[in-house]
1. Within segment 36-71, can you find the residues that are assigned to a loop (DSSP other than H, G, I, E, B), aliphatic (A, V, I, L, M) and either farther than 16 Å from residue 16 by Cβ or touching a residue at least 60 places away in the same chain (Cβ under 8 Å) (or both)?
2. Of everything in segment 36-46, what is open to solvent by 70 Å² or more (accessible area, probe 1.4 Å) and aliphatic (A, V, I, L, M)? Give them in sequence order.
Amino acid sequence: MEFNIEAFLWYALAADCSFAFTVSWFLKDWYDSSVPSIAKHFPATKAWSMVYLVLTLWLGFALMRAGVLPW
């Protein structure tokens, strides 16, 4: 299997998306109290995490159909 930069970037994006989704749905109080300076500028909202998840999944399906992702 050869190295594919698009697949690597998508897997990094998927990891970030899953972390953001988990924080916004289950750990919002922890996020707001742990890093208030970041939470002030980048609030963890459920609506944005859903949009981020849908866009990431859409990109993943497109890459999979193009034969870029190795699964």
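1. Listed by number, the residues that qualify are 66, 68, 69.
2. Matches in segment 36-46: 38 only.
The values are calculated or read from the model by the stated rules, or taken from the named source; none is laboratory data. The structure displayed is predicted, hence computed values, not measured ones. Glycine also receives a Cβ, built like all others from the backbone with ideal geometry; neighbour counts cover every protein chain displayed. The accessibility values were calculated without ligands, DNA or RNA, using every heavy atom of the protein model including side chains. Shrake-Rupley method; radii C 1.70, N 1.55, O 1.52, S 1.80 Å.
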